[in-house]
Amino acid sequence: QVQLVESGGGLVQAGGSLRLSCAASGTVFRLNTMGWYRQAPGKQRELVARITSIFRTNYADSVKGRFTISRNNTKNTVYLQMNSLKPEDTAVYYCNLRSSSSLSDYWGQGTQVTVSS
C-alpha cells in the first residue's frame with residue numbers, strides 16, 4: 001500500500017529556513033500529484049503547495065515567493081524548501097499523494113514546524 005514518510009521539521013527562528021522531505025513507496029511515484037498541507041492549532045488543514053506529474057506547481061498566496069516545492073522521481077521524494085519563515089507558518093505539515101488512477105488521497109504522519117519570533 002502507499003506509504004508516505006516525512007522528515008525535516010523542527011524549531012527555527014523567524015527568517016530562517018527548513019526543508020521538508022517526503023519519501024513515498026507502494027506506488028508509481030512519477031504519475032501522481034504530490035502536495036504539502038499544513039494545519040495550525042484550531043485551524044483547518046490548508047494546501048501549502050502542490051506539484052503535478054508534469055511538474056506544474058501552485059502555491060498558497062501566503063507562501064508564494066518564500067516556499068518552493070520540488071520532486072525527485074528517481075528518489076520517489078517530494079520536497080518543500082521553506083525560506084523566510086514566519087511565526088504564522090507554525091503548523092503540522094502533511095505530505096499528500098493524490099493517486100492519478102483512483103484519485104484517492106494518501107497522507108503522511110505529519111511533521112511539526114515551529115517558527116519562533
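The values are calculated or read from the model by the stated rules, or taken from the named source; none is laboratory data. Since we're looking at a predicted model, the values are computed, not measured. All Cβ positions, even for glycine, are placed from backbone atoms using ideal geometry, and neighbour counts span all protein chains on display. Areas reflect the complete protein model, heavy atoms only, side chains present, ligands, DNA and RNA absent. Shrake-Rupley method; radii C 1.70, N 1.55, O 1.52, S 1.80 Å.
Do we find that ARG30 is among the basic types (Lys, Arg), within 14 Å of the chain's Cα centre (by Cα), open to solvent by 60 Å² or more (accessible area, probe 1.4 Å) and under 20 Å from TYR106 (Cβ atoms) in this structure?
Here the answer is no, as ARG30 does not meet what is asked.
Considering each of ARG56, ARG19, ARG38, ARG71 in turn, give the residue that is open to solvent by 80 Å² or more (accessible area, probe 1.4 Å), modelled with pLDDT of 95 or more and in contact with a Phe, Trp or Tyr (Cβ under 8 Å, 6 or more places away or on another chain).
ARG19
Would you point out the residue of the range 59-68, among those that are of a type outside the set (D, E, K, R) and in contact with an Asp or Glu (Cβ under 9 Å, 6 or more places away or on another chain), that is most open to solvent (accessible area, probe 1.4 Å)? Please lay out each step first, then the result.
Taking the range 59-68 first, the residues of a type outside the set (D, E, K, R) are 59-60, 62-63, 65, 67-68.
Still in the list and also in contact with an Asp or Glu (Cβ under 9 Å, 6 or more places away or on another chain): 60, 62-63, 67.
Numbers: ALA60: 22, SER62: 60, VAL63: 0, PHE67: 6 Å².
The selected residue is SER62.
What residue, among those in the range 1-16 that are touching a Ser or Thr at 6+ places or on another chain (Cβ under 7 Å) and closer than 15 Å to GLN81 by Cβ, is least open to solvent (accessible area, probe 1.4 Å)?
Ranking the qualifying residues of the range 1-16, first place goes to GLU6.
Could you list, in sequence order, all residues of the range 82-110 that are open to solvent by 40 Å² or more (accessible area, probe 1.4 Å), in contact (Cβ under 8 Å) with a residue 60 or more places away in the chain and among the small types (Gly, Ala, Ser)?
Of everything in the range 82-110, those that are open to solvent by 40 Å² or more (accessible area, probe 1.4 Å), in contact (Cβ under 8 Å) with a residue 60 or more places away in the chain and among the small types (Gly, Ala, Ser) turn out to be SER84, SER100, SER101.
For every residue, the table says whether it meets (1) closer than 22 Å to VAL113 by Cβ; (2) hydroxyl-bearing (Ser, Thr, Tyr).
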| position | (1), (2) |
| --- | --- |
| ALA24 | yes, no |
| THR27 | no, yes |
| ARG30 | no, no |
| GLU46 | yes, no |
| ARG56 | no, no |
| SER62 | yes, yes |
| PHE67 | yes, no |
| ASN72 | yes, no |
| ASN76 | no, no |
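Looking at THR77, THR57, THR52, THR27, which is the one that is over 15 Å from GLY8 (Cα atoms), touching a strand residue (DSSP E or B) at 6+ places or on another chain (Cβ under 9 Å), touching a residue at least 24 places away in the same chain (Cβ under 8 Å) and of a type in the set (Val, Ile, Thr)?
So the residue among THR77, THR57, THR52, THR27 that is over 15 Å from GLY8 (Cα atoms), touching a strand residue (DSSP E or B) at 6+ places or on another chain (Cβ under 9 Å), touching a residue at least 24 places away in the same chain (Cβ under 8 Å) and of a type in the set (Val, Ile, Thr) is THR27.
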